[in-house]
Amino acid sequence: MSDAGILLEVRDLRTYFHTDDGVVRAVDGVSFDLAKRRIVGVVGESGCGKSVTALSILRLIPSPPGRIESGSIRLHRDHETVDIAALSATGKKIREIRGADISMVFQEPMRTLSPIYSIGSQIMESVRLHIGLNKQDAKEYAVHMLRSVGMPDPEQRVNEYPHQLSGGMRQRAMIAMALSCRPKLLNADEPTTALDVTIEAQILQLLTELQHEYHMSILFITHDLGIISKMADTVLVMYLGRIVERAPAVELFENPSHPYTQALFRSIPAMAAAPKAKLEVISGSVPDPTVTIHGCPFAPRCPHAHERCTADPGYTEIGPNHAVACWLYES
Ligand SMILES: Nc1ncnc2c1ncn2[C@@H]1O[C@H](COP(=O)(O)OP(=O)(O)OP(=O)(O)O)[C@@H](O)[C@H]1O
Ligand SMILES: [Mg+2]
């Protein structure tokens with residue numbers, strides 16, 4: 001398998017929620033590429049649209065009130081390219097893609113794991129559906145998967161129920177389930193936020209190992225810049241449904257350029273004191289998401305704001321693969 005190539009191309013994606021209070025532009029014109037075998041990190045404050053981006057890719061947006069309004073999500077499979085945004089959210093194609101091509105792990109394993117089935121039968125269900133193994137082989141495969149995610153005593157654990165497992169073990173079970181059909185892309189939505197730091201380090205290490213072993217790409221969502229710096233190849237910084245900066249991880253940490261990114265980085269000392277805290281220490285607060293914003297969404301909180309910021313800055317490439325949506329960099 002070649003190392004090069006793009007797995008997923010997201011272009012001008014808009015996912016809105018039509019609520020009684022107005023239209024929430026949760027994802028508002030997001031574009032990015034996910035290369036094969038690479039980790040793209042997504043960072044930004046609570047409510048900026050990280051989860052909705054990941055859920056849109058799997059067509060798991062609750063509808064109503066949610067809807068992909070426009071844009072494309074092109075998935076390059078072996079013999080075809082599929083625009084996921086154009087599929088029926090309940091059709092055969094997206095069900096085939098979920099699990100087989102793209103799967104997801106969440107912060108809260110109980111969102112994925114059913115309390116009434118053993119973890120083994122939940123893994124078996126997914127592999128029998130996608131790979132067509134018989135019952136005996138599926139059970140052996142479930143044990144194998146649990147072993148590969150570092151579950152102690154997998155022959156025993158395969159028969160246990162989620163409530164019998166610790167938080168870390170549940171997270172391992174959810175990862176085993178997500179990877180059981182060898183997806184090419186894993187959406188990891190704050191997979192370690194609910195864990196203590198020791199278990200968190202183990203799960204991150206596991207994800208890195210599995211990423212190499214399975215040759216997969218990961219869309220890694222977190223509000224923790226420390227994790228991003230360790231895990232991601234490329235980072236997307238989101239603010240109010242938009243990507244305000246995109247850069248290789250090393251470059252972003254050396255040269256954070258959007259005023260919002262700079263503010264996030266300044267908030268790190270506060271984060272270090274409370275590593276599980278949400279990023280809410282930037283002055284000013286995120287505006288009401290139902291209000292239509294003209295121009296740069298960060299302008300109301302930005303120390304460099306200027307009249308021109310009421311117009312959309314577009315993206316300026318300020319280095320290799322480093323794009324910033326800010327008028328400060330307009331040449
Ligand atoms: N089912 C829904 N109905 C209405 N609005 C929603 C729904 N789901 C998400 N939103 C809104 O979409 C916006 C983006 O939410 P999203 O969950 O993607 O944020 P996030 O970046 O993942 O935040 P967090 O860090 O807290 O997980 C928010 O304003 C949120 O309130
Ligand atoms: Mg989220």
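The values are calculated or read from the model by the stated rules, or taken from the named source; none is laboratory data. Everything numeric in this text was worked out from a predicted model, so none of it was measured. For neighbour counting, all protein chains shown are included, and Cβ atoms are generated from backbone atoms with ideal geometry for every residue, glycine included. Just so you know, the surface numbers come from the protein's heavy atoms only, side chains and all, with ligands and any DNA or RNA stripped out. Shrake-Rupley method; radii C 1.70, N 1.55, O 1.52, S 1.80 Å.
Taking only DSSP H segments of four or more residues, each worth -39500 (n - 2.57), what value at 222 nm results for the chain once the sum is divided by all its residues, to the nearest 500 deg cm²/dmol? It would help to have the intermediate numbers written out before the result.
Working: 11 runs with 105 residues, N = 331.
So the helix-based figure for the chain works out to -9000 deg cm²/dmol.
State the answer as a single residue: which of Gln122, Phe298, Pro313 lies farthest towards the positive end of the charge dipole of the chain, with beta carbon charges of +1 for Lys and Arg and -1 for Asp and Glu, about the Cα centre.
The residue sitting most towards the positive pole is Gln122.
Treat every Asp and Glu Cβ in the chain as -1 and every Lys and Arg Cβ as +1, leave all other atoms uncharged, and give the resulting dipole magnitude about the Cα centre to the nearest 20 debye.
Numbers: 33 positive and 38 negative charges, 136 e Å.
With Lys and Arg at +1 and Asp and Glu at -1, about 660 debye.
Across the Cα atoms of segment 1-87, what radius of gyration and what greatest pairwise Cα-Cα distance (Dmax) are found, in Å?
13.8, 49
Looking only at the chain, where both bridge partners belong to it, what percent of the DSSP beta bridges are antiparallel (to the nearest 5)? Don't skip to the end; give the middle numbers.
Numbers: 32 of 50 bridges.
Here the share of antiparallel DSSP bridges comes out near 65 percent.
Ratio of segment 32-130's C-alpha Rg to 2.2 N^0.38 Å, to two decimals?
Details: Rg = 14.9 Å, N = 99, 2.2 N^0.38 = 12.6 Å.
Here the answer is 1.18, to two decimals.
If packing is taken as the average number of other Cβ atoms within 10 Å across a peptide's residues, how do 57-70, 6-19 rank, most packed first? Show your work: numbers first, answer last.
Details: 57-70: 16.9, 6-19: 18.6.
Sorting 57-70, 6-19 by mean packing, highest first, produces 6-19, 57-70.
Could you give the length gained by full extension between Gln164 and Val197, i.e. 0.36 nm per residue of separation minus their alpha carbon distance, to one decimal place?
Numbers: separation 33, 0.36 × 33 = 11.88 nm, distance 2.15 nm.
Length difference between fully extended and current span is 9.7 nm.
Keeping the other protein chains in place, figure out the carbon and sulfur percent of the accessible area of segment 134-256, with a 1.4 Å probe. Write out the running numbers ahead of the final one.
Details: 2260 of 4670 Å².
Within segment 134-256, the accessible surface is 48 percent carbon and sulfur.
Taking Cα atoms, how many degrees apart are the long axis of helix 135-148 and the longest axis of the chain, rounded to 10 and kept between 0 and 90?
50 degrees
May I ask which of Lys93/Lys184; Lys36/Lys92; Lys50/Lys230; Lys50/Lys93; Lys36/Lys135 have a Cα-Cα span longer than 22 Å here? Please list the in-between numbers first.
On the way: Lys93/Lys184 16 Å; Lys36/Lys92 25 Å; Lys50/Lys230 19 Å; Lys50/Lys93 24 Å; Lys36/Lys135 32 Å.
Going by Cα-Cα distance, Lys36/Lys92; Lys50/Lys93; Lys36/Lys135 fall outside the 22 Å limit.
From the convex hull of the Cα coordinates of segment 77-168, what is the mean projected area in square nanometres?
One quarter of the hull surface, i.e. the mean projection, equals 7.3 nm².
Add +1 for every Lys or Arg and -1 for every Asp or Glu among the other residues with Cβ under 12 Å from the Cβ of Pro162, and state the total. Can you show the working numbers first?
Numbers: positive: Arg111, Arg157, Arg170, Arg172; negative: Glu108, Glu160.
With Lys, Arg at +1 and Asp, Glu at -1, the neighbours total +2.
For segment 1-58, give the percent of accessible area contributed by carbon and sulfur heavy atoms, probe 1.4 Å, rounded to a whole number.
Numbers: 980 of 2130 Å².
So the carbon and sulfur contribution to the accessible surface is 46 percent.
What does the accessible area per residue of segment 2-49 come to in Å², with a 1.4 Å probe and no ligands, DNA or RNA counted?
38 Å²
Note down the nm distance, to one decimal, between modelled labels 7 Å out along Cα→Cβ at Asn321 and at Met110.
Calculated label separation equals 4.0 nm.
With N residues in the chain, what two-decimal value do you get for its Cα radius of gyration over 2.2 N^0.38 Å?
Working: Rg = 20.2 Å, N = 331, 2.2 N^0.38 = 20.0 Å.
That works out to 1.01 for the chain.
Can you give me the angle between helix 119-130 and the longest principal axis of the chain, using Cα atoms only, in degrees from 0 to 90, rounded to the nearest 10?
In the chain, helix 119-130 runs at an angle near 80 degrees to the longest axis.
Could you tell me the calculated FRET efficiency between Asp153 and Asp33, based on Cβ-Cβ distance and R0 = 45 angstrom, to the nearest 0.05?
Details: r = 41 Å, r/R0 = 0.91.
So, using R0 = 45 Å, E works out to roughly 0.65.
Can you give me the accessible area per residue for segment 201-244, using a 1.4 Å probe, in Å²?
Numbers: 1310 Å² over 44 residues.
That works out to 30 Å² for each residue.
Measure nothing but the geometry: give the 0 to 90° angle between the long axis through the Cα atoms of 197-214 and the longest principal axis through the Cα atoms of the chain, rounded to 10°.
80 degrees
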